[in-house]
Amino acid sequence: METAKKQFNIPIAKPTLIGDETELIAQSLQSGWVSMGPLTQRFEQAVCEYTQARYGVAVNSCTSALHISMLIHGIGAGDEVLCPSYSFIATANAIRHSGAEPCFVDIDPNTLNMDPQAAEACIQERYTSEGVNRKTGRKLKGILLVHQLGIPADIDTFAALAKRYHLTLMEDNACGLGSTYKNNPLGSSGFTNSLSFHPRKVITTGEGGMLLTNDETLAEKARVLRAHGMSISDFVRHQSAATTYERYDVVGYNYRLTDMQAAIGIRQMEHLESFIVRRNQIADAYNQAFGQIEELSIIQPPTYVTRWNYQSYPLRLRGATQTQRDEFMLALQQQGITTRRGIPPMHKEPVYEQGIVLPQTETVSKTSVMLPIFPTMTDDEVRYVIDCVCLQITHLVSAKQPVS
Ligand SMILES: Cc1ncc(COP(=O)(O)O)c(C=O)c1O
């Protein structure tokens, strides 16, 4: 079998740290404000300006932001929240951390996001007209919409659905910073929105997240919950001329972000646009090459997706088995190209096994591969990935031919 000579070692993703973060991190260290100080506030403002959200509450991860989202909307024990199974497990974990349970919905294979029709069918089949799950007795309270891989989900359709069934709509926007929905940045909708700054995302703070909202009361509740339930933040107390005493009216968490992380985030935000431009150039090259190949299926987002940040690049091997997909990944690995399988469905994991079948989610997961994409990827590396993928596809096709 013909194989290309291994020319590169290309990871699936790589954070783009320019080096200009160092001086701002040093500023934090020298100032003595190393946690939840002025740089955290500056980072929150930078993200709000960019996303057009009114309030940003920086936290230590997207999972924490999602957990707080549930709590500020009064979701907890005895409740259920609709979400796609085709997502990273943190989506469902955050629901469970609140005491509620996820109710998994199938995806549209063309958008990789929760299918609004499947969501409505699920509401009608599994719940009474009062929103009580016929099997579990729990009450349906919300929808957690995921903008998977940075592809905006159809917010307006889900907003209408949420309104019809009196549900709270929230957005898991871990991957979607910089993507736009109907020309509006994700984060601007007004629905509680949670971002991730994990190294696999378009910008990173090492670990980190942010809750975005347009509602001042919800923002204030989130600020209190992220810092042990403290009614007045350390930063505000420090600035006060008078002696102030904090109160603890709710049980909170330590979900604080450090100012060193915020320093990295501030610099990352300054480069975000250039990161997204480069990600789109790479995706364009992939789309041009793979869009012509019958055995491959690329995502062609609907028109409401006015910009995709290409946090990840998914490719489907049409008609392939899971074994063939795994062999394809192994062959690329041997040529120095790291890929990842399609997202494993949460409803198949032991912690969330519900005995349900979600056909689209399962097929997409088994036949998908994520290809390397990151801003510092060179044109030669992109070309190499394209050549290796094309070569492996010819192998896959010839393996499928019946031997005469
Ligand atoms: C869709 C989705 N939600 C939530 C998370 C969790 O983000 P974090 O690692 O910042 O908690 C991720 C992370 O990969 C994700 O992809």
If amide H atoms are modeled at 1.01 Å from N in the peptide plane, then the residues at a separation of 5 or more from SER35, or on another chain, having amide H under 5 Å from its own are ASP259
Simple SL model, points at 7 angstrom along Cα→Cβ for ASN110 and ILE12; separation in nm is 2.8 nm
Here the gain from full extension of THR303 to THR22, 0.36 nm per residue of separation minus their alpha-carbon distance, amounts to 97.1 nm
Taking max minus min of the Cα coordinates of segment 207-342 on each principal axis, largest first, gives extents in Å of 70, 31, 30
For the ASN184, THR243 Cβ pair and Förster radius 45 Å, calculated FRET efficiency rounded to 0.05 is 0.50
Once amide hydrogens are built 1.01 Å from N within the peptide plane, the residues lying 5 or more places from THR192 or on another chain with amide H under 5 Å from its amide H are GLU171
If each part is reduced to its alpha-carbon centroid, segment 248-276 and segment 280-354 end up apart, in Å, by 29 Å
Residues whose modelled amide H sits under 5 Å from the amide H of TRP308, counting only those 5 or more places away in sequence or on another chain, are THR180
Count of lysine pairs, the chain, Cα-Cα under 21 Å, sep. 8 or more residues or interchain, comes to 9
The farthest towards the positive end of the charge dipole of segment 106-168, of the residues ASN113, GLN124, ALA159, given +1 on Cβ of Lys and Arg and -1 on Cβ of Asp and Glu, is GLN124
For the chain, one quarter of the surface area of the C-alpha convex hull, expressed in nm², comes to 21.7 nm²
Counting only protein heavy atoms and rolling a 1.4 Å probe, one gets per residue an accessible area for segment 22-269 in Å² of 40 Å²
Dimensionless Rg/Rh of segment 1-111, both radii on Cα and Rh by Kirkwood, sits at 1.12
Sorted on mean Cβ neighbours within 10 Å (highest first), peptides 340-353, 125-138 come out as 340-353, 125-138
In whole Hz, the Karplus estimates of ³J(HN,Hα) for segment 249-257 (6.51, -1.76, 1.60; θ = phi - 60°; x where Gly or Pro) are 8, 10, 7, x, 9, 9, 10, 6, 9
Residue span THR338 to GLU294: 0.36 nm per residue of separation minus Cα-Cα distance leaves a gain in nm of 13.5 nm
Placing each pseudo-label 7 Å from Cα in the direction of the beta carbon, GLU216 and HIS228 end up separated by a distance in nanometres of 2.8 nm
With 0.36 nm assigned to each residue of separation and the Cα-Cα distance removed, VAL251 to THR378 gains 40.9 nm
Phi angles of segment 140-151, converted by Karplus (6.51 cos²θ - 1.76 cosθ + 1.60, θ = phi - 60°) into ³J(HN,Hα) in whole Hz with x for Gly and Pro, give 6, 10, x, 10, 9, 7, 10, 8, 5, 6, x, 7
With the 8 Å Cα cutoff and a minimum separation of six or more residues, the chain has a relative contact order in percent of 23 percent
The size of the Cβ-based charge dipole (Lys, Arg +1; Asp, Glu -1) of segment 272-400 about the Cα centre, to the nearest 20 debye, is 200 debye
Distance in Å, no decimals, from the C-alpha centre of segment 383-400 to the one of segment 189-221 is 39 Å
So, relative contact order of segment 272-400 in percent, Cα under 8 Å, 6 or more apart, is 32 percent
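The values are calculated or read from the model by the stated rules, or taken from the named source; none is laboratory data. Given the structure is predicted, the values throughout are model-derived calculations rather than measurements. Cβ sites come from the backbone with ideal geometry, for glycine too, and all protein chains shown count toward neighbours. All accessible areas refer to the heavy atoms of the entire protein, side chains included, with ligands and DNA or RNA removed. Shrake-Rupley method; radii C 1.70, N 1.55, O 1.52, S 1.80 Å.
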